[in-house]
Amino acid sequence: DGGITQSPKYLFRKEGQNVTLSCEQNLNHDAMYWYRQDPGQGLRLIYYSQIVNDFQKGDIAEGYSVSREKKESFPLTVTSAQKNPTAFYLCASSMTSGRVYEQYFGPGTRLTVT
Amino acid sequence: KQEVTQIPAALSVPEGENLVLNCSFTDSAIYNLQWFRQDPGKGLTSLLLIQSSQREQTSGRLNASLDKSSGRSTLYIAASQPGDSATYLCAVSSNAGNMLTFGGGTRLMVKP
C-alpha cells in the first residue's frame, strides 16, 4: 500500500523544547516537502528536498531544521527558536522526472506547544 | 512573488446545485496548477492537476479550467452532494522544482 505516513498525529510539547516530526514515503519519490498550515489559512512551504543529502529553505524556514539521509524519510525538527510553533504540519512528496509533478500529501501532525 | 487568492472564502449551497470555485494568481508563468480537497483535521487529497499547456481537466463531477493569460482557474462541481463538503485549495508551481504556492482555500458546505 503506497503512501505517505506522518507520526505522531498529535504532539504536545512545552515551550523551549525541540521536537521532531516524522515523515516517511514508499512511493519512490525523489522530492519531499514540509508545509505549515495555520487555522483558516493555506499552506506555507518550510523546507523541501529534491534529492538525498540536499535540501533548501522555503518561505518560512526560520526556527526549523531538516535532514534527508534516506530517500524515504524527511524528518522536520521544530526548534525552540520557532516563535509560534503551534500549527498543523503536512509532509508531501512528488516525482522530479517528467513534466507532471503532482504532489501527494500525508495525513499531517498537529503540534501544540504550551 | 507569486500570490494565490481564492474567492469566496466560504460557500454554502443546497444539495444538487452546480457550483464554481475561483482561484487567481498574480504571475502567469506557472508550471502547473493543482486543486486539492481537505477534510477537517486531515491531509490534502489531490483532485486535479492542470499542466501549463492544458486548458482543462475533468474527473467525474469535477472540471477544472485554466486561463494562464488572465491568471485564473475555476473548479466546477456538478450536482453537489453533502459529501462534497470540505475545504478546497488551489496551488500553483512556478518552476520545475515544483514548490507550490497555495491559496487560502474555499470552505464549502453542501446542505441536504
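The values are calculated or read from the model by the stated rules, or taken from the named source; none is laboratory data. This structure is a prediction, so every number in the text was calculated from the model and none was measured. Methodologically, a virtual Cβ is constructed for each residue, glycine included, from the backbone with ideal geometry; neighbour enumeration extends over all protein chains shown.
Here are the numbers:
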item	result
Failed item in (1) part of a loop (DSSP other than H, G, I, E, B); (2) in contact with an Asp or Glu (Cβ under 8 Å, 6 or more places away or on another chain); (3) free of Cβ contacts under 8 Å to residues at least 40 places away in the same chain, with A:ARG44 passing the rest	(1)
Options A:PHE88, A:PHE105, A:PHE74; residue that is touching a Cys at 6+ places or on another chain (Cβ under 6 Å), surrounded by 17 or more Cβ atoms within 10 Å (Cβ to Cβ) and among the aromatic types (Phe, Trp, Tyr)	A:PHE74
Condition broken by B:SER69, with the remaining ones in (1) without any contact (Cβ under 8 Å) to a residue 40 or more places away in the chain; (2) farther than 22 Å from A:TYR47 by Cβ; (3) not charged (D, E, K, R) satisfied	(1)
Subset of the range A:62-114 (residues that are more than 14 Å from chain B (Cβ to nearest Cβ) and either free of Cβ contacts under 8 Å to residues at least 12 places away in the same chain or polar (S, T, N, Q) (or both))	A:SER65, A:SER67, A:SER73, A:THR77, A:THR79, A:SER80, A:GLN82, A:ASN84, A:THR86, A:THR114
Residue selected from the range B:86-112 under the condition surrounded by 20 or more Cβ atoms within 10 Å (Cβ to Cβ) and of a type in the set (S, T, N, Q), by the criterion nearest to B:CYS23 (Cα to Cα)	B:THR106
Output for the range A:10-22, where each listed residue is assigned to a strand (DSSP E or B), in contact with a Ser or Thr (Cβ under 7 Å, 6 or more places away or on another chain) and not β-branched (Val, Ile, Thr)	A:LEU11, A:PHE12, A:LEU21, A:SER22
Checking B:SER53 against (1) under 16 Å from B:ARG72 (Cβ atoms); (2) free of Cβ contacts under 8 Å to residues at least 12 places away in the same chain; (3) at the interface with another protein chain (Cβ under 10 Å from one of its Cβ atoms), the condition it does not meet	(1)
Hits in the range B:8-41 (condition: more than 10 Å from every other protein chain (Cβ to nearest Cβ) and aliphatic (A, V, I, L, M))	B:LEU11, B:VAL13, B:LEU19, B:VAL20, B:LEU21, B:ALA29, B:ILE30, B:LEU33
Every pair of residues 6+ apart whose Cβ atoms lie under 9 Å, when the first sits in the range B:75-97 and is free of Cβ contacts under 8 Å to residues at least 12 places away in the same chain while the second is exposed (fewer than 15 other Cβ atoms within 10 Å of the Cβ)	B:GLY97/A:GLN56; B:GLY97/A:THR96
Pick from the range A:35-61, criterion facing chain B (nearest Cβ under 10 Å), closer than 19 Å to B:GLY41 by Cβ and not aromatic (Phe, Trp, Tyr), ranking: surrounded by the fewest Cβ atoms within 10 Å (Cβ to Cβ)	A:GLY40
Complete set of residues in the range B:46-80 that are in contact with a Lys or Arg (Cβ under 7 Å, 6 or more places away or on another chain) and at pLDDT 95 or above	B:LEU47, B:SER65, B:LEU66, B:ILE77, B:ALA78, B:ALA79
Residue match in the range A:7-29 (condition: under 13 Å from A:GLY106 (Cα atoms), within 11 Å of another protein chain (Cβ to nearest Cβ) and at pLDDT below 95)	yes
Qualifying positions in the range B:6-42 - over 15 Å from B:SER69 (Cα atoms) and surrounded by 15 or more Cβ atoms within 10 Å (Cβ to Cβ)	B:GLN6, B:LEU11, B:VAL13, B:LEU19, B:LEU21, B:ASN22, B:GLN34, B:TRP35, B:PHE36, B:ARG37, B:GLN38, B:LYS42
